[in-house]
Amino acid sequence: MTDHDNNRSVPNALPPGYRFNEFEIKEVIGGGGFGIVYRAWDHQLERTIAIKEFMPSSLAVRNDDMTLVLRSERFSKAFTAGLNSFIQEARLLARFNHPNLLHVLRFWVQNDTAYMGTVFYSGTTLSRLREKDPTLINEAWIRRMLPMLLGAIKTIHEEGYLHRDISLDNIQIQENGLPVLLDFGSARRSIGSVSDETETMLRPGYAPIEQYTDDNESEQGPWTDIYALGAVLHTLIIGSPPPVSVVRSIQDTYVPLATRNIPGYSLALLQAIDRALALKMEDRPQTVDEFAALIEMPVAGIDDVMSVKQPGTMLVPVEEAEEKSLPLKELRRYKLPGLVAAGVLVGLIAGGMLFGGDSAGEEDTASNVQPQAPVQSQEPVAQPGAEPSDQAAAPDATQEPIAQIYVRMNEGEKMSVNGEAQSVSAGTNGFAALKLQPGRYEVVLRGNGQTRSQTINIASAGTWLINPQP
């Protein structure tokens, strides 16, 4: 693929030849909803580096002068939160010099956004590697890769931090076969926490229940990253992540790997993954060392991977972050009670349809509802000060439903969606299921002498849990 083709496939990308002083953009090598990654040439040190740009495409677009412009002034708070988190993450990663952790060379602010320059790692993500050559991955391959990955995670934990975004897309497998744990994804989480208080931007299947909740009875810790790592291993072996943890809290359909008689994998490995994926935090391994002991493998130290060429470091000042990530002993506490009772709407936006053969039975009989929202080919670009639109974008009515909706229903209640009666009822878990296309919906429940309602806007594939309120 040519540089031109790469840049056409990633909207808002900087053009090849664009210069940041000594750095020259050569091509786009990756892009997502929150950032763009470029291959660049360092003319001063004459070497290839990678540059990551904070570019949340849902919040901003690129102007003719290469600066970013908000799509609407209402996105200002979310953009600022994401930008600050991006900078803090760069500062944090710059402190580490571990061969299996992304190494930040420098970061800077320009074009009304921020950039980090990192070592350029050859190879591909674990997600793409599995898609391209699934037969490569077996227990022997996992046992060669995993000790180094455990060492990188342990290094983060020993410094009093958590990664909170371990997934196949955040693990790079270099051409020499060694893994590198990539960015923390903190900007994405910060945007999700302020752009809509009812929306949690997490990777479905990889995030444990404590990342969705807010209660003094539970907290995040090393066990949070261990759950995500267990989900990575589950996906490598089975081909799909485990059921979403927030759905498991309603009806746990997880089938332990140790009971599946999977050929080619030891019982010790499968049982360790099952332990890592325990819904309750206290049932999981509490440290990386404890998890490694279950698999009967060592945790690699830096000396064990010193054969990997260590990246050089630019002599640039790294200021102390004003708001450090909290050490483990001061981690924020999270809450499970009230997740549904308080009418919280949980949008699992980061993935597509999340349920396969392990899904709750209601999905098979879920009602399909057509949206009333008009078709919009593209979200209009609004300059600062423009009024936000209340209309939700929706594709053509022939498109397949993309969202799985679980609605809390009481006995005796009837449901209507956008004024149309729905022939659904609650299952044994107290939830009724719907499948919806993108659009704006008003869900109304009537019965027992009261009316409860909730309006939702669906723009992306995912799973939603709602509890309409009077």
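Odds and ends about this structure:
- Residues whose amide H lies under 5 Å from that of residue 101, counting only those 5 or more places away or on a different chain, are 181; hydrogens are built 1.01 Å from N in the peptide plane.
- Taking amide H atoms as placed 1.01 Å from N in the peptide plane, the amide H of residue 120 lies under 5 Å from those of 50, each 5 or more residues away in sequence or on another chain.
- Rounded to the nearest 20 debye, the dipole magnitude of region 41-113 is 320 debye, with +1 charges on Lys and Arg beta carbons, -1 on Asp and Glu beta carbons, and the Cα centre as origin.
- Calculated P(r) tail over 16 Å for region 61-141, as whole % of Cα pairs: 67
- By average C-beta atoms within 10 angstrom, highest first, the peptides 61-69, 109-117: 109-117, 61-69
- The ranking of 86, 107 by Cβ neighbour count inside 10 Å, starting from the fewest, reads 107, 86.
- Packing-based ranking, highest mean first, of 48-55, 175-182 given that Cβ atoms within 10 Å are counted: 48-55, 175-182
- Rounded to the nearest 20 debye, dipole of region 100-158 from Cβ charges on Lys, Arg, Asp, Glu: 160
- Residue-wise HN-Hα coupling along region 105-114, computed from phi with Karplus coefficients 6.51, -1.76, 1.60 (Hz; x: Gly, Pro): 8, 6, 9, 7, 10, 6, 6, 6, 8, 10
- Set against the 2.2 N^0.38 Å expectation for a compact globular protein, region 124-304 has a Cα radius of gyration ratio of 0.99.
- For region 124-304, the residue among 137, 242, 232 whose Cα projects farthest onto the positive side of the dipole built from Cβ charges is 137.
- All C-alpha pair distances within region 3-119, sorted into 5 Å bins from zero, spread as 2, 12, 22, 24, 21, 13, 6, 1, 0 percent across the bins.
- The charge dipole of region 124-304, taken about its Cα centre with unit charges on the Cβ of Lys, Arg, Asp and Glu (plus for the first two, minus for the last two), comes to roughly 720 debye.
- Computed 3J(HN,Hα) for region 55-67, one whole-Hz value per residue from the Karplus formula 6.51 cos²θ - 1.76 cosθ + 1.60 where θ = phi - 60°, is 9, x, 5, 6, 10, 8, 10, 8, 7, 4, 8, 6, 6, glycine and proline marked x.
- Computed from backbone phi, the HN-Hα couplings of region 86-96 come to 4, 5, 5, 5, 4, 5, 5, 5, 5, 6, 8 Hz, rounded to whole numbers (Karplus: 6.51 cos²θ - 1.76 cosθ + 1.60, θ = phi - 60°; Gly and Pro given as x).
- Cross-link table 52/77; 77/414; 52/132; 280/435; 154/280, entries beyond 32 Å C-alpha to C-alpha: 77/414
Just so you know, all these numbers are worked out from the coordinates, no wet-lab data involved. Not measured: the values here are computed from a predicted model. Using ideal geometry, Cβ is built from the backbone for each residue, glycine included, and neighbour counts are taken over all protein chains shown.
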